[in-house]
Amino acid sequence: MKLIIEDSKEKMSESAMQILLGTMMQDKRVNISLTAGRSPELLYKMMIPYVKDQAKFADVQYYLFDEAPNIRKTAKEDGENWKEMQKVFFEPANIPADRVHITTMDNWETFDEQIRNAGEIDAMLIGLGFDGHFCSNCPRCTPMDSYTYALERKIKNAVNPAYADKPQQPVTLTMGPKSLMRVKHLVMIVTGKEKAEILKQMLDSPITDELPATILKLHPNFTVICDQDAASLLDLNNYKRL
């Protein structure tokens, strides 16, 4: 694991952008997986002017690693993560819809095979949840030896009562820990004082499904990029820093 601590969210976003754009500029098909949420919003704003040049990035394909399908609809537009990524990145960056791949109730069982056949994910950007979840791999209900899987929300909520009940989205689909271990470069971004305690727990705790993100420390090419606020509780002597 490599740890990068920047002075500000702006510099942190720039560091993450350099990794992603450097990967995307290879002279071949490149598969990138991106995350929704607040942490990458500035990063996406910074990336959009570069990525809008479709001639330069025509060989880049995008993958979303989790979704909660709405049972009232079947179109992928109804997935919350898909809709958020359309708003904050794909639409303003002019990314064609046919270059965005998502998990659905029809394809989740073959999603990892599709990715393997496409050459694997070259770089994946993820965040760190307030309770140590990553993607939709949540405490006490993550099968730690799983590829992409479907989980009933009632099971997830039963062991995580603070989670919101969403009856129209009864199933969560997510790439599991084994799926992420196949990613060539796994990049986690963590911002703000509110993430300082959970970041410390993730880095200092043994691997446990009580805090699923601890398993990511086994990844052979795992980079954590955070700002000073998120790193404020870390004993920096314990980590390799860049």
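Structural remarks
- Heavy-atom surface of the chain, accessible at 1.4 Å and reported per residue (Å²): 46 Å²
- Sites Arg182 and Lys87, calculated FRET efficiency, Cβ-Cβ separation with R0 30 Å, nearest 0.05: 0.55
- Report note on the peptides 159-167, 49-57: ranked by the mean count of other C-beta atoms within 10 Å, highest first, their order is 49-57, 159-167.
- Alpha-carbon centroids, the stretch 154-173 and the stretch 26-74: separation in whole Å: 26 Å
- Carbon + sulfur, % of accessible area of the stretch 15-123 - ligands and nucleic acids excluded, 1.4 Å: 47 percent
- For the stretch 162-218, the Kirkwood radius over C-alpha pairs fed into Stokes-Einstein at 37 °C and 0.692 mPa s yields D = 240 µm² per second.
- Remark: the stretch 207-214, residue by residue, has Karplus-estimated 3J(HN,Hα) of 5, 7, 6, 5, 9, x, 5, 4 Hz, where x stands for each Gly or Pro and the curve is 6.51 cos²θ - 1.76 cosθ + 1.60 at θ = phi - 60°.
- For Lys2, residues with placed amide H under 5 Å, excluding near neighbours: Phe222, Thr223, Val224
- With both residues required to sit in the stretch 30-187, DSSP beta bridges show an antiparallel share near 40%.
The values are calculated or read from the model by the stated rules, or taken from the named source; none is laboratory data. Keep in mind that this is a model prediction, so the values were computed, not measured. Every residue, glycine as well, gets a Cβ built from its backbone with ideal geometry; the counts of neighbours run over all protein chains shown. Protein only, heavy atoms only, side chains kept; ligands, DNA and RNA dropped before computing areas. Shrake-Rupley method; radii C 1.70, N 1.55, O 1.52, S 1.80 Å.
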